[in-house]
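Asks: I'd like to ask some things about the structure below.
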Amino acid sequence: MSRKQSPMMHPATIRARRRAATTRGGFTLFELLVVAAVIILIGAIIFPALMSTTETQHLVSSGDTMRTFFARSRNKAMRNGQTLALRYEIGGNQFIIEPWDTGDSNLEANASSFNMLGQLQQALIDDRNVTMRLLQQVQTLPGDTVFASGTQAFDSREFAQFDPTLNANAANVDNSSVTESVGGAWSQPILFYPDGSTSQSEVRIGTKDLQIFVLVRIRGLTGIAYVTEIMTQSELVQLDQTRIAQ
C-alpha cells in the first residue's frame with residue numbers, strides 16, 4: 001500500500017510559505033503613511049523652535065555688531081581728532097559712519113597732532129583720509145534683523161557748530177550725508193567726539209516681525225556701549241511706559 005506524501009512537505013506548499021514570509025517582511029502603505037504623518041508632526045513642532053533660535057542668534061549678533069562699530073567709531077574719532085557720525089536706517093538694516101564737519105577740518109585734525117618733525121601730523125592726516133574712504137560705506141546688520149527705533153538725548157554740541165557766536169567757521173559747515181542718496185528713513189546722527197564722549201543714545205534692534213529686541217546703549221560721557229538682554233514687545237512697551245511716568 002502506497003504511502004501518501006505529507007501536504008506540509010509538498011514543494012508548492014513550501015513556495016507559498018516563502019512568498020508569505022517575504023510579504024510579511026515589508027511595510028504596508030498604511031504603515032508608511034502613519035510614519036510620514038509622525039515625521040511631519042514632529043517637524044511642525046521642532047521647526048518653529050529652530051527658527052526662533054536662529055532669530056535669537058541673529059539678534060544677539062546684530063547687537064554685538066553695533067556695539068563693536070560704536071567702539072570703533074569712538075576710537076577712530078579719538079585717534080584722528082575728527083568727530084564722526086553714525087546714522088542707521090529706521091525700519092531697515094543699513095547703517096553708515098561718516099566724518100562730521102565742524103567748518104574747519106584741518107584745524108580739528110591738527111589740534112592734537114603737532115610735533116616738531118611733523119611726522120605724527122602727516123601720519124594722522126593720512127590715516128584720517130583712509131578712514132573717510134572706508135567709513136563712508138553703507139553697512140548692514142547680520143541676519144533678518146532691522147533697526148526698530150531709537151532714542152537720543154539732546155546734545156547741544158550737535159547744533160553749536162551752526163551758531164556763528166559759538167563757531168567762527170559756522171558758515172563753512174557742510175554735513176551733507178551719503179544717506180541723502182540712499183533710500184529709506186535715517187536716524188539722527190550719533191556723534192563720536194575726539195575727547196571720547198558721544199551722543200547718549202539707545203538703538204533698538206528687532207526681528208522683522210518686531211516681536212523680540214535687543215537695545216544697544218551708549219553712555220554720552222564715557223562713550224561706553226553695551227547690549228541688553230533680549231526683550232519682548234510687551235517688555236519694551238512696559239519700559240517706555242515706565243520712562244514716561246518718571
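Asks: How large is ³J(HN,Hα), in whole Hz, for each residue of region 60-77 in order, when computed from phi with the Karplus curve 6.51 cos²θ - 1.76 cosθ + 1.60 and θ = phi - 60°, using x for Gly and Pro?
Replies: Karplus-based 3J(HN,Hα) across region 60-77 equals 4, 4, 5, x, 5, 4, 5, 4, 5, 5, 4, 5, 5, 4, 4, 5, 5, 4 Hz.
Asks: Going through region 146-246, which trypsin sites (Lys or Arg not before Pro) have at most 14 other Cβ atoms within 10 Å and a DSSP loop state?
Replies: Listed in order of number, the matching sites are Lys208, Arg219.
Asks: Near Ala185, within a Cβ-to-Cβ distance under 14 Å, what is the net charge of the other residues, with Lys and Arg +1 and Asp and Glu -1?
Replies: Result for the local shell: -1.
Asks: What does the charge count near Thr68 come to, summing +1 for each Lys or Arg and -1 for each Asp or Glu among other residues with Cβ under 15 Å from its Cβ?
Replies: Cβ neighbours under 15 Å give a net charge of +4.
Asks: Sticking with this structure for a sec: Highest mean first, how do 232-242, 193-203 rank when packing is the count of other Cβ atoms within 10 Å averaged over residues?
Replies: 193-203, 232-242
FYI, it's all coordinate maths here, none of it is from the lab. Bear in mind that the values here come from a model prediction, so they are computed numbers and not experimental data. Ideal geometry is used to build each Cβ from the backbone, glycine not excepted, and the neighbour counts take in all protein chains shown.
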